[in-house]
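The values are calculated or read from the model by the stated rules, or taken from the named source; none is laboratory data. Here the structure is a predicted model, which is why all the values come from computation and not from measurement. Quick reminder, even Gly has a Cβ in these numbers, built from the backbone with ideal geometry, and neighbours come from all protein chains shown.
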Amino acid sequence: MAIRFRKSIKLMPGVRLNLSKTGISTTVGVKGASVNLGKKGAYMNTGIPGTGLYSRTKIANADEPRQSSKNAGPLFIAVAVVIVLMLFLFVKP
């Protein structure tokens, strides 16, 4: 059985720094919708909090060169959705 290490540090509401044996990543978002940026690429995480139902989709690969903006579309959409959700949840009228 392998021993694993993972630690998540809350930097501010909606932003976490994730530390593990294999590297560092950053997660931006709220429960149910977030984007994770790490050495393996960018992932969009969506789910229904409290149910265990979730989806994790790779939206950008860290190994691919960034010459084409064609692959950047899903990343921009995911980041925009997370920002809108954060504004909706954290900004009081």
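Odds and ends about this structure:
- Scanning segment 1-23 for residues that are modelled with pLDDT under 90 and either touching a helix residue (DSSP H, G or I) at 6+ places or on another chain (Cβ under 9 Å) or β-branched (Val, Ile, Thr) (or both) yields Ile3, Pro13, Gly14, Val15, Thr22.
- Count - residues of segment 9-24 that are under 15 Å from Val35 (Cβ atoms) and among the small types (Gly, Ala, Ser): 1
- In summary, strands (runs of 3 or more DSSP E) completely within segment 14-60 and bearing 2 or more residues that are hydroxyl-bearing (Ser, Thr, Tyr) occur at 23-30, 41-48, 53-60.
- Selection count, segment 12-62, where residues are farther than 18 Å from Ala78 by Cβ, of a type in the set (A, V, I, L, M, F, W, C) and exposed (fewer than 12 other Cβ atoms within 10 Å of the Cβ): 3
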